1. Cα centroid distance between region 178-205 and region 1-61, in Å?
2. Looking at region 154-207, which trypsin sites (Lys or Arg not before Pro) are DSSP coil and have at most 15 other C-beta atoms within 10 Å of their C-beta?
3. Over the chain, with the other protein chains present, what is the accessible area per residue in square angstrom, probe 1.4 angstrom?
4. Please report the net charge: other residues with Cβ closer than 9 Å to the Cβ of Val141, K and R +1, D and E -1.
5. Just how many pairs of Lys in region 116-179 have C-alpha atoms closer than 29 Å, counting pairs that are eight or more places apart or on different chains?
6. Do you know the relative contact order of region 1-141, to the nearest whole percent, from alpha carbon pairs under 8 angstrom that are 6+ apart?
7. Taking 25 Å as R0, compute the FRET efficiency from the Cβ-Cβ separation of Gln175 and His214 and round it to 0.05.
8. Any chance you could run the full-extension gain for Ala100 through Glu25? It's 0.36 nm times the residue separation minus the Cα-Cα distance, nm to one decimal.
Amino acid sequence: MANSVLFVIIARMGSKGIKNKNLCEIGGITLVEHTIRAAKTAASQIHGSRIVVSTDGQEIIDIALKNKVDAPFVRPSYLCGDDVESLPVVQHAVNFMELASNTQYEIICYMQPTSPLVRWQDIMKCYKKLLEKKSLSAVTVTTVSTHPFKMKRMLSDGKLINYIDQGFDDMRPRQKLPPVFRRAGSVYMSRRKVVMEDNTLISDDCMGVVVPPHTAIDIDKKEDLELARICYDNYKN
């Protein structure tokens, strides 16, 4: 039986670091449209799937409609603040779409335009791993540039101590350290129960899909945007 997916792309207008961040362009394409395109390609391969864009801005609604994906509501103001977490925004979109279509989706895929270099192939890898391993969640991850064994924290008197206490300073070269990953931020895929009943975007029963670092740039500052533009030019083919 097909496992239908609801792709939820959250893209509000406001932003602290960069004005109207989700409307910024990379390669002449807005961040939100990059994410929509990746989701559309993946959704076209999964029967019964749909994409919804949750936003408070008409410009973003227009972009969604131009790309023939759903943007059937203006996100309520209480879900648009800087300190609002992603979970209630995603839950609101799921509730709206399920009520409107009288359908209950089996899998929820949450995506953000702030990770615009996401690849549709990695979305499909998350989907396939979720099904093959019968796990509750799958997310994209990438390697870290600074290994936790090398990280420090500073006490109030200025003294440095190991962030992870091994009892010694780890001076081994990077190649000899155990692999460590961070969430890429581009794809969060979970079974409906995790999001709507367990009230979390990813479960402890979560599989990882390793993606290249350039696809895992999270745009928060202008420097991130410039780096993403450089990477896009280098990797677009």
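1. Result: 19 Å between the Cα centres.
2. Passing sites in region 154-207 are Lys159.
3. Accessible area per residue: 54 Å².
4. +2
5. 8
6. 35 percent
7. That pair, Gln175 with His214, gives E of 0.75.
8. 23.8 nm
The values are calculated or read from the model by the stated rules, or taken from the named source; none is laboratory data. Everything quoted here is computed from the prediction, not taken from an experiment. Heads up, the Cβs are rebuilt from the backbone with ideal geometry, glycines too, and the neighbour counts pull from every protein chain shown. Just the protein is used for accessible areas: all its heavy atoms, side chains included, with ligands, DNA and RNA removed. Shrake-Rupley method; radii C 1.70, N 1.55, O 1.52, S 1.80 Å.
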